[in-house]
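Down below is the structure, laid out as structure tokens.
Each value in this text was obtained by applying a stated rule to the coordinates, not by laboratory testing. Keep in mind the model is a prediction, meaning the values are calculated, not measured. Cβ: placed from backbone, ideal geometry, glycine included. Neighbour counts: every protein chain shown.
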Amino acid sequence: MLLFLAFLFSLPMASVGAQSTTKLYINPPKVEYWTPALNQTFVVNLTVANVSGLIGYDFTIYWNQTLLNLVKVEIQPFLNPPCRVVKNAGGPGWYRLNFTSTGEPKSGSGPLVTLSFKVTYDPIWPENATSTLDLANTYLYSQTGQIPHDVYDGQYSCYSTPPLTLTTITDKPSYKILDTIHTYGNLTLGLSPVQDGLVALEVDNPKSEFVVIRTLLTGVPPTNPIVEIVSVTPCGDQWGTPKNSFNRGDTAYFNVTVKNNGNETQTVRITVNIYDVNLNVLGIDADMGPIAAGRTVWSMLNVRIPQTASAGGATAYANAFTALPKNDGIAYCPEKSAAFTILGTRSAGEGTPRSSGSSEGTYNLTFKLTSDEELGIYTIYANSEYTIHEKTQKVANRVTFMRGGGPTAIFSCPPKPGVNTTVTFDATESKPGWNGTNYTPIVTYEWDFGDGNITIIGDDEPITPTITHVYKTINVYTVSLNVTDTQGLSDITSHIINVTVGLKYDFNGNGEVDIGDVRRVGKAYGSAAVDDPETPWDETQYWDPVVDVAPEGGDGKIDIFDVRVVARHYGETV
């Protein structure tokens, strides 16, 4: 049996075809569109196969008149002339043709009639539209009578393209000055998450100045971008000298290399956005210009490192857009990043940045705005574009959040003050509230020193952000500050301090006689408790009684003897 089947399938196709019955069918058998398809035109052929001695045919075809309109009928020269039309009639949703020949009978296969249809309806997602191209009352004639044949209908389908939807959300409608801002959302196609999408995101401050520009993934990076960022390199100058560390106040340069992989010139908006280790947005720069097909170019952007930047690891993110997101720009490709270092002493409370991961059609971004950024209404512009079934859709979203609200409590204090010494707590960096129009000043500072003593500044006392306290017992204390503004809104923060035996010359209370203590003496150097009227300056302006340590008990002035005493004890620890 296997040998027989092998022999059968090795026969020429003509031999197999000769054994087939006559067929009358719509070709192509299936026509498929994705919306939008309204007013599109397609053609099908009424085709005969394996016919012998054909001298005429008669058929009627039906379709859904809501979906399609027959706009043209072309009789193909399959039958041998002379020929004539016996019947040619039609109406909404149907058409009939009877066509005969008095010439030589025709045998073989080929198209009889070409029918052109126009799409008259687009289904709305999630619905689809389908119509059978229904052949009925079909007749094939020979000189001896009707020719038996099999009939195969056609089918037209129009599938609704799932809509591209983008959501953008913030975790809170309003943020205080030093709050962490978290924005996130979903990119979906119909009910399915887009797992290889790009979201171009821009955050503008109340002055419509961009402060954040990023490209966020919704899963895996898309492949074969028309424009791609090849690299981003931190540099020390505009000539592109590589450099990986910068001081506060330095201008950091970033060499962004971009390639146009397409066949046409592309206009590209190149941006770089930098963040410190605590996700504080430090600055942004942008450039724009055409890139010819197949060309690779570089753009040198620069951002000044602000004095408020946290020391440690920092990151620059380079992006390529068709335009700024607020101008309906979209991302060409995923962003590229480069790490660099901001030099300096790491402040207490600094930490490691959280990454902005994404999966299954979601995107998210976490960042902070520095304390000198504007208060008021911020706008987030988020855009995306996606192509499926050769249909490109573009979506845009706009959301706002307020930066302001109530006040922000911030204070500093020595972490290891000595027992029975005067400890200074400084809340000068606390921020006022914001009512959407104006700042709302802090009117009370409530200090809880953790040892049972509570002091409220503002109740029958002049409002000042600093206060002193003396701890009588060695212990670990939690110090809390609660600030309240004119709106009645409040904020609380706390620090843990470890009160120890203490060092006599540890003025800043950090458990060590160090450069900070020397600087404090230096700042007060030349000052005195009482002004000398014989001198042209006010000697009491920088007077600091805490550093008046020589001779023992002090002499009412800060001079070289005080400096020598502190220097002699330099490096001592608790």
Inset, instruction - Provide the convex hull volume over Cα atoms per residue for segment 251-294, in Å³. - result: 85 Å³
Legend entry - Order of HIS149, HIS182, HIS389 under a 10 Å beta carbon neighbour criterion, fewest first: HIS389, HIS182, HIS149
Legend entry - Interchain or long-range residues, amide H under 5 Å from LEU133's placed H: GLY154, GLN155, TYR156
Inset, instruction - Please sort by residue number the GluC sites (Glu not before Pro) in segment 387-467 whose DSSP state is loop and whose Cβ has at most 14 other Cβ atoms within 10 Å. - result: GLU390, GLU429
Legend entry - Answer label, with Kirkwood radius over Cα pairs in Å calculated from the coordinates and candidates (1) 31.6; (2) 24.0; (3) 26.2: (1)
Inset, instruction - Would you compute the Debye intensity of segment 422-499 from its alpha-carbon atoms alone, equal scatterers and no solvent, and pass along log10 I(q)/I(0) at q = 0.17, 0.18, 0.24, 0.26 Å⁻¹ to two decimals? - result: -0.67, -0.73, -1.15, -1.29
Inset, instruction - Add +1 for every Lys or Arg and -1 for every Asp or Glu among the other residues with Cβ under 11 Å from the Cβ of LEU369, and state the total. - result: -1
Inset, instruction - Would you mind ranking SER101, SER337 so that the residue whose beta carbon has the fewest other beta carbons within 10 Å leads the list? - result: SER337, SER101
Inset, instruction - Quick one: net charge around ASP58, please, counting Lys, Arg +1 and Asp, Glu -1 for every other residue with C-beta under 15 Å from its C-beta. - result: +3
Legend entry - Entries of LYS243/LYS368; LYS30/LYS394; LYS23/LYS106; LYS368/LYS431; LYS207/LYS336; LYS326/LYS394 with Cα pairs more than 18 Å apart: LYS243/LYS368; LYS30/LYS394; LYS207/LYS336
Legend entry - For THR120, distant residues with modelled amide H under 5 Å away: ASN39, LEU68, ASN69
Inset, instruction - Let me know the shape class of segment 20-159, please: from the alpha-carbon gyration tensor, a ≥ b ≥ c as square roots of the eigenvalues, rounded when a/c is under 1.5, otherwise prolate if a/b is greater than b/c, or oblate. - result: prolate
Legend entry - Listed residues ALA528, VAL566, THR464: farthest to the positive end of the dipole of segment 449-574 (Cβ charges): VAL566
Inset, instruction - Please state, to two decimals, what the Cα-based radius of gyration of segment 164-403 comes to when divided by 2.2 N^0.38 Å (N = residues). - result: 0.99
Inset, instruction - Output the relative contact order of the chain, whole-number percent, from Cα pairs under 8 angstrom with separation of 6+ residues. - result: 10 percent
Legend entry - Three-way shape call for segment 482-574 based on the alpha-carbon gyration tensor, with the a/c threshold at 1.5: oblate
Inset, instruction - Just tell me which aspartates and glutamates come within less than 13 Å, Cα to Cα, of LYS416; anything on the same chain fewer than 8 places away is out. - result: ASP506, GLU512
Inset, instruction - Rank TYR275, TYR95, ILE124 by how far each Cα sits towards the positive end of the charge dipole of the chain (+1 on Lys, Arg Cβ; -1 on Asp, Glu Cβ) and give me just the farthest. - result: TYR95
Inset, instruction - Search the structure for amide H atoms under 5 Å from the amide H of THR421, placed 1.01 Å from N in the peptide plane, and list their residues when 5 or more places away or on another chain. - result: TYR471
Inset, instruction - Residues in segment 441-483, backbone N under 14 Å from the label point at ILE496 (7 Å along the Cα-to-beta-carbon vector): list them, ranges by number please. - result: 475-480
Inset, instruction - Quick one: order LEU217, LEU135 by neighbouring beta-carbon count within 10 Å, fewest to most. - result: LEU135, LEU217
Legend entry - Contact order normalised by residue count of segment 422-499, Cα under 8 Å, 6+ apart, percent: 34 percent
Legend entry - Cα-centred dipole magnitude for the chain, charges only on beta-carbon of K, R (+1) and D, E (-1), debye, nearest 20: 3600 debye
Legend entry - Globularity ratio of segment 515-568, using Cα Rg and 2.2 N^0.38 Å: 1.07
Legend entry - Residue-averaged [θ]222 nm for the chain, counting only DSSP H segments that reach four residues, each worth -39500 (n - 2.57): -1500 deg cm²/dmol
Legend entry - Neighbour cut-off at most 16 other Cβ (10 Å), DSSP loop, GluC sites (Glu not before Pro), segment 510-569: GLU534, GLU552
